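The next block holds one structure in the form of structure tokens; read it before the comments.
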Amino acid sequence: MGRDPETVRRWIRSGKLRARKVGTQHVIDEQDLEAAIGPSRSLPLPKAWRQTWTGEPQPDWVRILDLSRRGR
């Protein structure tokens, strides 16, 4: 997620990020993590990349990847 582990620990202690402990490890639900870090920090695509070589609009690759990671 691109954050220092101590930052994540501070978020947990302050209540900004929900987590549960299993042994010595913190377990964080993916939905709670997404809510804490905010919306995707994707940069906009350059105009030339918004279409495929056939002229069709590019698929939403970020959404597709997210769904595949969730097993859908």
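For the reader, a short list of remarks on this structure follows.
- Looking across region 31-59 at every residue that is surrounded by 10 or more Cβ atoms within 10 Å (Cβ to Cβ) and β-branched (Val, Ile, Thr), the one that is modelled with the highest pLDDT is identified as THR52.
- Pair list, Cβ under 7 Å, 6 or more apart: region 1-17 residue at pLDDT below 85, other residue surrounded by 12 or more Cβ atoms within 10 Å (Cβ to Cβ) and hydrophobic (A, V, I, L, M, F, W, C): MET1/LEU33; MET1/ILE37
- Within region 18-30, the set of residues being under 10 Å from the mean Cα position of the chain (by Cα) and either at pLDDT 85 or above or in a loop (DSSP other than H, G, I, E, B) (or both) is empty.
- Extreme residue, nearest to ILE37 (Cα to Cα), among residues of region 1-25 that are small (Gly, Ala, Ser) and exposed (fewer than 10 other Cβ atoms within 10 Å of the Cβ): GLY2
The values are calculated or read from the model by the stated rules, or taken from the named source; none is laboratory data. From a predicted model like this one, the values you see are computed outputs, not experimental measurements. Here Cβ is always computed from backbone atoms with ideal geometry, including for glycine, and neighbour counts include all displayed protein chains.
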